[in-house]
Amino acid sequence: MAGKPPGAPRPGGRTARTRAAVLRAVLDELTSNGYAGTTVERVAARAGIAKTTIYRRWGSLNGLLADLMAEHAASRHAAEREHTERAGAAERRDRCIAGGGGGCQQRAGVRLHEKHQAALRDL
């Protein structure tokens, strides 16, 4: 029967909680002690897990650091994407309120009263 390999990450549950705790712990250790003072043992103790869990899932401190950087990059990318989407929505809203350039008012055949336009601008 084909399945996930042993130790494969799952999207939720204990594996996700453990990963989050370990990544938080490695970041805290790096912040407190720097790279030279960060060890697998200290990260494991801070995360409340056995060091064997770290070796089994990440292989080494360098594996942990790589995962931490990948997580940081992914969350930064998601934040930038959300910002871009919000900026695009605000631009479309402003265009719609202004009624220029074939905005949504003309497409819908609706003209907003001035007080409603001002209220929408404040959103």
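The values are calculated or read from the model by the stated rules, or taken from the named source; none is laboratory data. Values in this document were obtained by computation on a predicted structure and should not be read as measured data. When we count neighbours, we look across all protein chains shown, and the Cβ atoms used for this are built from the backbone with ideal geometry, even at glycine.
Does region 27-46 contain any residue that is modelled with pLDDT of 95 or more, among the acidic types (Asp, Glu) and either exposed (fewer than 12 other Cβ atoms within 10 Å of the Cβ) or farther than 26 Å from Thr15 by Cβ (or both)? Among the residues of region 27-46, at least one is modelled with pLDDT of 95 or more, among the acidic types (Asp, Glu) and either exposed (fewer than 12 other Cβ atoms within 10 Å of the Cβ) or farther than 26 Å from Thr15 by Cβ (or both), which makes the answer yes.
Within region 29-56, residues that are on the phi > 0 side of the Ramachandran plot have Cβ atoms under 8 Å from residues that are assigned to a helix (DSSP H, G or I) in these pairs: Gly48/Ala21, counting only partners at least 6 apart in sequence or on another chain.
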